[in-house]
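K.L.:
My questions all concern the structure below.
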Amino acid sequence: MITRTSTTAVHAVAILGLAMTHTALSAEHSASVDWDTTGPWVRPQKAAQLSGVSTRTIRAWVAAGYLRSSKPAGGAVLISRDSLRGFVEGAAR
C-alpha cells in the first residue's frame, strides 16, 4: 500500500526542524561573531559561516521567510546581514 504525505505535513516537519536548528544556536558562537566586518548583504556561504550552520540551513531559513534576501538580476542570492544577525542573536538568548 502506498500512502501519500500531505504537503502540509511535510511543511510542518520542515518548520519544526528549522525551529530546532534555530534554538540550537549557541550564545557563545553569536557573541564571537564580528558582524561589523561584513557589508550589508552576504552570500549564503558567508551567512552560514557567520551563524554557525550549513548553507542548506541558511537557504531553508530564507525559504521559510526568517531571513530577508535579494537576488539581483543575473546575480547570486544575497542575505541581509541585519536580518541574519537579528535572527541568530534572538536564537542565542
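K.L.:
I'd like the accessible area for LEU67: 1.4 Å probe, protein heavy atoms, all chains in place, Å² to the nearest 10.
P.N.:
10 Å²
K.L.:
With label points built 7 Å along Cα→Cβ from the Cα atoms of ARG68 and ASP36, find their separation and express it in nm.
P.N.:
The modelled label-to-label distance comes out at 2.1 nm.
K.L.:
I've got another one for you. Let me make sure I get this right: for segment 36-93, a, b and c are the square roots of the gyration tensor eigenvalues over alpha carbons, sorted descending. Under 1.5 in a/c it's rounded, otherwise prolate if a/b > b/c, else oblate. Which is it?
P.N.:
prolate
The values are calculated or read from the model by the stated rules, or taken from the named source; none is laboratory data. Source: prediction; values computed, not measured. Quick reminder, even Gly has a Cβ in these numbers, built from the backbone with ideal geometry, and neighbours come from all protein chains shown. Surface areas here come from the heavy atoms of the whole protein model, side chains and all, with no ligands, DNA or RNA. Shrake-Rupley method; radii C 1.70, N 1.55, O 1.52, S 1.80 Å.
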